[in-house]
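The values are calculated or read from the model by the stated rules, or taken from the named source; none is laboratory data. Quick caveat, the model's predicted, so the values are computed rather than measured. As a convention, Cβ positions derive from the backbone with ideal geometry for all residues, glycine included, and neighbour counts pool all protein chains shown. Accessible surface areas use protein heavy atoms only, side chains included; no ligands, DNA or RNA. Shrake-Rupley method; radii C 1.70, N 1.55, O 1.52, S 1.80 Å.
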Amino acid sequence: MHKFLASLLIILTCFSSCKKKESDIIADIKKNTAEINGKLKKYTMKTVDDLTNATGGKIAGYYRDEEVKKIYAEHFGETGRTFSEYYFDDGMLIQIIKQEFIYNRPQSYTEEKAKLDKDTEWYDDKKTKLEIYHYYFSKNKLIKWTGNEDKVITVSSSNFTDKESELWAETLIYLKELKEEGN
């Protein structure tokens, strides 16, 4: 009986410690992302115009054979610009990195327009703010979101669930646009 309990305890300990910690999963994702970026020149690149975005933009897909490894999307608008990277491993979304450049004023708001409006501030790219967001996925499920300045967004928040849906919608649209352009 003691041998059975000891064996059971060892098995239970193994199962509980065999589950990967979030930090290990994130480390693996970062490693995979670095490997993908290191092999971009070996992948086939396909570029399309983003017709779903009001300001337009470009989408580039990087493929190893038929498997998408990375999507890079860029959008330029009147109030900012965004660069987004979507990484895939074995057909699974593993990470999204978004860089959002937020202008102090709309680009068309020139010094002349500001002075006519008796305003002392106009568009100045030196005053543009950069916010970087990282989204980590495991088994196609969002597991971690870090906001600007690496602030962690809580998994239990409603924003987290909403953001996961929004990110998946974007990802699927980009995949569809890249696929349709190829047909």
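The number of residues in segment 133-183 being over 11 Å from the mean Cα position of the chain (by Cα), buried (at least 16 other Cβ atoms within 10 Å of the Cβ) and among the polar types (S, T, N, Q) comes to 1.
Of all residues in segment 51-104, those that are open to solvent by 70 Å² or more (accessible area, probe 1.4 Å) and part of a loop (DSSP other than H, G, I, E, B) total 9.
This table checks each residue for (1) touching a Lys or Arg at 6+ places or on another chain (Cβ under 7 Å); (2) in a helix (DSSP H, G or I); (3) of a type outside the set (Gly, Ala, Ser).
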position: TYR136; (1), (2), (3): yes, no, yes
position: ILE143; (1), (2), (3): no, no, yes
position: VAL155; (1), (2), (3): no, no, yes
position: SER165; (1), (2), (3): no, yes, no
position: TRP168; (1), (2), (3): no, yes, yes
position: THR171; (1), (2), (3): no, yes, yes
position: LYS176; (1), (2), (3): no, yes, yes
position: LYS179; (1), (2), (3): no, yes, yes
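Filter segment 105-132 down to the residues that are among the polar types (S, T, N, Q) and modelled with pLDDT under 95, then identify the one that is surrounded by the most Cβ atoms within 10 Å (Cβ to Cβ).
Initial filter on segment 105-132 (among the polar types (S, T, N, Q)): 107-108, 110, 120, 128.
Checking which are modelled with pLDDT under 95 leaves us with 107-108, 110, 120.
On the way: GLN107: 15, SER108: 10, THR110: 13, THR120: 8.
Result: GLN107.
The set of residues in segment 29-43 that are small (Gly, Ala, Ser) and either over 11 Å from TYR87 (Cα atoms) or open to solvent by 90 Å² or more (accessible area, probe 1.4 Å) (or both) contains only GLY38.
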